[in-house]
Amino acid sequence: MGKTIPLKIKAQLESVEELKTCHPDFSFSLKLKCTGCGEISDKWHDVTESEKYPGKTGRSENNYIAKCKMCGRENSLDIISGSNASYTIEDSEKFKSIVSFDCRGIEPIEFQPGDGWIVKVAESGKIFTDVDLKEKEWVEYDEKIQQSVGIYEFESELK
């Protein structure tokens, strides 16, 4: 095991009981930093628990493997199995860990939410799939309860 870094999110939920990822096929879009030389990637890197790649030695498989452009070191990152959690109405407006990464040689420093989120409405139980949080907010109308539902002020931190 390397260094464990949790991804925590915080949002204001309106009539939303639960917000979660379409685990294990959800793609976490991350900016990464090499802990060897401090180089920060300029691109976003997608890490998905259901995808595995063989390492240089071929003995282990990881969710993400990359060679640092600056120092040439091979670094890897894994989503820790069983670390996925839902963000619920009780968590609203507080930071909560929704997944943890096992990092060897790299650390995620920024998370960009995209699509693939699942939202469960509080009163009707209606499920919205493939919700896109790129804009860090989402609003929809639930016909059954005849009101808007939404996610606002989405924030994340990796510490």
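Any read-out appearing in this document is the output of simple, stated calculations on the displayed coordinates, not a laboratory observation. All figures in this text were calculated on a predicted structure; none of them were measured in a lab. So basically every Cβ, Gly included, is an ideal-geometry build from the backbone, and we count neighbours across all protein chains shown.
Which of LYS10/LYS67; LYS94/LYS126; LYS10/LYS31 have a Cα-Cα distance over 22 Å?
Details: LYS10/LYS67 32 Å; LYS94/LYS126 24 Å; LYS10/LYS31 19 Å.
Table pairs above 22 Å Cα-Cα are LYS10/LYS67; LYS94/LYS126.
Please tell me the relative contact order of the stretch 29-122 in percent, rounded to the nearest whole number, where contacts are Cα pairs under 8 Å and at least six residues apart. Kindly include the intermediate steps, with their values, before the conclusion.
Working: 146 pairs, mean separation 29.3, N = 94.
Computed value for the stretch 29-122: 31 percent relative contact order.
Pairs of alpha-carbon atoms within less than 8 angstrom and 6+ residues apart define the contacts here; what relative contact order does the chain have, in percent?
35
Springs between alpha-carbon pairs under 10 angstrom, Gaussian network model over the chain: which of VAL16, VAL47, VAL139 fluctuates most?
VAL139
Tell me, what is a quarter of the convex hull surface for the C-alpha atoms of the stretch 1-138, in nm² with one decimal?
Dividing the Cα hull surface by four gives the mean projection, 8.6 nm².
Which aspartates and glutamates have a Cα less than 15 Å from the Cα of LYS134, not counting those fewer than 8 places away in the same chain?
Within the straight-line limit of under 15 Å, LYS134 reaches these aspartates and glutamates: ASP46, GLU110, ASP115, GLU153, GLU155.
Can you sort ARG104, ARG73 from fewest to most other Cβ atoms within 10 Å of each residue's own Cβ?
Numbers: ARG104 19, ARG73 16.
Exposure proxy ranking, most exposed first: ARG73, ARG104.
Give the residues of the stretch 119-159 whose amide nitrogen is closer than 16 Å to a point set 7 Å from the Cα of GLU93 in the direction of its Cβ.
Under 16 Å, as judged by backbone N against the label point of GLU93, lie 150-155 of the stretch 119-159.
Grab the Cα-Cα distance for GLU140 and SER60, subtract it from 0.36 nm times how many residues apart they are, and report the gain in nm with one decimal.
Values: separation 80, 0.36 × 80 = 28.80 nm, distance 4.29 nm.
24.5 nm is the gain from fully extending GLU140 to SER60.
Cα centroids of the stretch 5-44 and the stretch 119-133: how far apart, whole angstrom?
About 20 Å separates the Cα centre of the stretch 5-44 from the one of the stretch 119-133.
How do LYS136, LYS94 line up, fewest other C-beta atoms within 10 Å first? Kindly include the intermediate steps, with their values, before the conclusion.
Working: LYS136 14, LYS94 11.
Neighbour counts put them in this order, fewest first: LYS94, LYS136.
Taking other Cβ within 10 Å of each residue's Cβ, how do GLU93, GLU39, GLU143 sort, fewest first?
Numbers: GLU93 11, GLU39 16, GLU143 8.
Placing the least packed residue first, the sequence is GLU143, GLU93, GLU39.
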